[in-house]
1. Quick one: grab Rg to one decimal and Dmax as a whole number for segment 1-128, Cα atoms only, in Å.
2. Taking a cut-off of 20 Å between Cα atoms, list the lysines near Lys621, but don't count ones fewer than 8 places away on the same chain.
3. Could you estimate the translational diffusion coefficient of the chain from the Stokes-Einstein equation, with Rh from the Kirkwood formula over C-alpha pairs, at 10 °C and 1.306 mPa s, in whole µm²/s?
4. Taking a quarter of the surface of the Cα convex hull of segment 436-512, what do you get in nm²?
5. Mind checking segment 640-683 for trypsin sites (Lys or Arg not before Pro) that DSSP puts in a loop (not H, G, I, E or B) and that have at most 13 other Cβ atoms within 10 Å?
6. Just reorder Val505, Val673 by solvent-accessible area, largest first, 1.4 Å probe, all chains present.
7. In whole Å, how far is the Cα centre of segment 343-378 from that of segment 665-733?
8. List, in order, the whole-Hz ³J(HN,Hα) value for each residue of segment 330-337 obtained from phi through the Karplus relation with A = 6.51, B = -1.76, C = 1.60 and θ = phi - 60°; use x for Gly and Pro.
Amino acid sequence: MKKIDSRQKYNILTKIVEICCSTPQINVRLAQMAHYLCANGLAPTIAFYLLQRRERYLILRIAADSDGSLQLPVPPHSYKLPFSDDPLCKPLTTLLPSPLDPDTLNLNDLFRNSRPHGWSLPLADENHAYGTMVLLNPTPFVVDNETILFLQVVCRQIALSLRCSIYKNRGKKKVRRLKFLHRIGAQLSASDDIQSVFSQLFDSTLPFFSHSASILNVFALEQSEARSLEEGFSNRDQRELVLQVSRTQTSKTKFIQHPLVIDKKSSLPPPSYPIYEQFFKQFCAHIILPLHSQDQMVGTLEFFLADNPQSRNLLPLENEDLELLEILAVHLAATLERARAQDQLSAANQASLLRTRQLTFSHQMKNTLMAADTPENIIRLTLGALVSNEGFTCSPALYFALQENKNFWDALFYATAPSPASAAPKTKEEGGNLKTLTQHLLTASSRIPQKIQENITECRLPDLDTAPSRFQQAVTGGKPTIIPAKFVTVLHPKLKALLPGQKIVIIPISSQEQLKGLILANADYINTQDLSYITLFTDAAALALDNTQLYQRLQSSLASLNNAQSRLAQSEKLMALGEMATSIAHEIKNPLVSIGGFARRLHKKIPDQSREKTYSQIITKEIERLEEIVNNVLSFSRPESNKFEPCDLNLLITETIALFSRELKNQEIDLTVQLAPKIREVECDRNQLKQVLINLLNNSIQAMSNTAAAGNRKILVRTSCYSDLMEQKEKVLVEIEDNGDGIQKQFIHDIFNPFFTTKHEGTGLGLPICHRIILNHQGDIRIQNREGKGVKVSISLPFNHKTQPGSTI
């Protein structure tokens, strides 16, 4: 090393100060200073070994000679703490220059292997050591004390430059952190949407967030539900691995007060968590940040640092990093608490609105139920209110009626929520009315799919004495009760398909303090508070049923009285008419027989080709018609002797239809027969019912023979069973429907009067005879007339008779 004078030292020091105060990055300035010092003969090669982050190791950063920067080995060798007795590292502890000894050369430092001789000088100030400046040469060289002192001054100036660079970088980092906290704080204060703010954490320029994945766990508190937010995962397998690691720490994280850092160097997890072995193949650290608000833990924020140089360089976390995370945790916890409070307030408002709506709806239902005119409509309206979205969304719902005489429960009505396409009824304030509400609610129990209808038909509950005790307690309690579905679906295998759900509300329906029916409905979307509002209109339904039954009894009594009066008047009229008809018929019949006999004998003797033959044929037919009229009059006036016995009604109908097969074919009438299967036998007079069916079918055929166009003539014969809620018994229904021209409106009230007819050749006794037969069977016959479109005749008959009916004249 050549000797340098004082002026050269001054120039060198001035240049070094100038370079230290320049603006380029610190690595560029170090390379410039090393090159300048070598060019001025201070050493053949100069290298800077700098302490890396958190002073954990010393690494070769910059090297240069008189020709400029030198290529460094990749990777450059590093001296790890605690430092050995290597002379290169010794100045960091002694703060004094140290000559380099080839005998103590670290063979791993490839850069020094070709330059074993030299000096190592400390780069330090009064507080910290930042590294060493090493003078290197392939051969030994001597440096005098005066030069050593000068180099120490140079090193002190370089150390000051390093300290300024470090402080500057720290200042920039703090500014970035403050800006980050300000931005996140402003976003959290302005928004309650945690998802959007959480996702923006990873858009930050801070390395800590840009090189990590994260999970925000929000705990379930009070009425709020637990949830998790995720960001930064590169693939599905990585996400599944992280979720398993997160779950292993769930129980522990609920009690921590400060950030918990788990990395593979400083704080290995216990052996009970083998999942971390797989975890540390992809990540270098797991950081758990507790979120506290108002002395309770509301969640955790977990970071998973990717295993790359940028993330490894962040470990171990400094106090400033931990402070940043804790401040972020405070902001997130406050936002979570604010969002929870907002959700609770919104839920309270929604609950208040729901209660108001339910109370208003219950009041409307009371008025609607009181306006209902039949028990069937009352039950259907109640079911519609339960399943309707405007009501309580207890969809679906099923009504069972108690069959007292047989001690079992029949499923009669089923309702499900109407489709969204059906318009909801307006409230009274909006101009709606009870009629609109009634129509809307009744749609819930109409148009039941065929599969569900079949399940309802088969669903019959036995005596409830065998039901689970929870079910019996709910029924005998008299008020709506919610119980688990398993205590209900065990009663019948079809109930699980008809009433899916985890909970079922049981609503007893009583009439005159006696249990008459049960409503079973899905209760997954209601709670016990809703039951008080449901009780309001179910009690109204029970009261409406009582009122309806009283009204129907009054109507029935009035109708019975009117019917008795009508029957009495009719009987008196028919009696007088019968006596007169019988007398006249007997007086006419004897001479008519003589006339008919002689007319037929004359008709046979007249030649076929003569004109008199045609006249005699007309006379003969008219005499036959007079004989038929006389016979009908005598038959109508004669008391019937009824012989009641069990009869297969479907078989009787089939036999009767067979009598008209040729006539139906000749007139091109399409006959459709829909007989309900498994109808039990009806107690009746087989011959009389057959006469009724013949008269009705004959009327339908005659009605279409002169009106409906050929090829479009249709007759429908149908049987079915139904439950008469008023009389509390099952009945069979027979319907005969045609598409003829129907009955003129002015004639409809006279069709059951004897001798009234609109036919040219009719006697007017067909329908009166049918009416009398059906009344003798304790049944009912009704005519549904559609003028210009056809007639439907409905006959309802009981399966059994309480008393053997007498004859009716």
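1. 14.8, 41
2. Reachable lysines: Lys589, Lys604, Lys605, Lys613, Lys759.
3. 42 µm²/s
4. Mean shadow area of the hull around the Cα atoms is 6.7 nm².
5. Here the sparse-neighbourhood loop sites are Lys643, Lys678, Arg680.
6. Ranking Val505, Val673 by accessible area, largest first, yields Val673, Val505.
7. One Cα centre to the other: 44 Å.
8. Values, residue by residue: 4, 4, 5, 4, 5, 5, 4, 5 Hz.
The values are calculated or read from the model by the stated rules, or taken from the named source; none is laboratory data. Not measured: the values here are computed from a predicted model. Every residue, glycine among them, receives a Cβ derived from its backbone with ideal geometry; neighbour counts consider all protein chains shown. Ligands, DNA and RNA are excluded from the accessible area calculation, which covers all protein heavy atoms including side chains. Shrake-Rupley method; radii C 1.70, N 1.55, O 1.52, S 1.80 Å.
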